[in-house]
1. One residue is enough: does the stretch 58-65 have a residue meeting the conditions of a type in the set (Phe, Trp, Tyr), surrounded by 21 or more Cβ atoms within 10 Å (Cβ to Cβ) and closer than 23 Å to Leu156 by Cβ?
2. Might you let me know whether the stretch 86-107 holds any residue that is surrounded by fewer than 18 Cβ atoms within 10 Å (Cβ to Cβ), among the β-branched types (Val, Ile, Thr) and under 21 Å from Arg49 (Cβ atoms)?
3. Hey, can you tell me all the residues within the stretch 143-168 that are loosely packed, with under 10 Cβ neighbours inside 10 Å, among the aliphatic types (A, V, I, L, M) and either modelled with pLDDT of 95 or more or touching a Ser or Thr at 6+ places or on another chain (Cβ under 9 Å) (or both)?
4. Does Arg98 count as in contact with an Asp or Glu (Cβ under 9 Å, 6 or more places away or on another chain) and under 29 Å from Leu156 (Cα atoms)?
5. State yes or no: is Leu72 surrounded by 15 or more Cβ atoms within 10 Å (Cβ to Cβ), over 11 Å from the mean Cα position of the chain (by Cα) and under 25 Å from Asp48 (Cα atoms)?
6. May I ask you to say which residue of Ser66, Ser43, Ser80 is under 14 Å from Ile3 (Cα atoms), of a type in the set (Ser, Thr, Tyr) and touching a Lys or Arg at 6+ places or on another chain (Cβ under 9 Å)?
7. Looking only at the stretch 19-40, filter to residues that are in a helix (DSSP H, G or I) and among the charged types (D, E, K, R); which one of those is nearest to Met1 (Cα to Cα)?
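The values are calculated or read from the model by the stated rules, or taken from the named source; none is laboratory data. The shown structure was predicted, so the numbers you read here are calculated from the model rather than taken from an experiment. Ideal geometry is used to build each Cβ from the backbone, glycine not excepted, and the neighbour counts take in all protein chains shown.
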Amino acid sequence: MLIETFRLHLRSWRESDREAFAAMNSDPDVMRDLGGPISREQSDAKFDRYVAAWEKNSVGRWAIESTGGDFLGYAGVLESDSSHPLGRHYEAGWRLVRSAWGKGYATEAAKAALADSFSRVGLTEVLAYTAPDNLRSQAVMARLALRRDSARDFDLIENGVRVWRGLVWVAQP
């Protein structure tokens, strides 16, 4: 599968993406909002989960590449599981290699991925969330014209301690 935008290709994952994906996930700047870099094993598990999501739901995170073929990151919609604090839902997300920041790629890719999830898949609502201090993602959400829904903000709790706060936005067709 392929979506072409003005400057990007959103496409299915290839085994050859695994190395670039792991490099992105090991970058402290890129992974700051998720608690820091993740190991190669964790990255490979995430990669496998993204590939499996497509097979299960016909929707997921798209690999993003420039029209010249450079790996830039990912964007797309994933189904959460029922253990999430918000229960089962679809969540939009994006992550780009550091060199791709500040060029509008996240907005361009997320807009295309959301449009696909509404038109081809038939979703009627997709949530997006980020930490209170992740102003870059909040700016993308604003450019996508997502609606802020503070009533759905949530905390991730581990061993009785809040480890992450999620601010929620809503996308609808």
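1. No: zero hits.
2. Within the stretch 86-107, not a single residue is surrounded by fewer than 18 Cβ atoms within 10 Å (Cβ to Cβ), among the β-branched types (Val, Ile, Thr) and under 21 Å from Arg49 (Cβ atoms).
3. Passing the criteria: Ala145, Ala151.
4. yes
5. yes
6. Ser66
7. For the stretch 19-40, the residue satisfying everything is Glu19.
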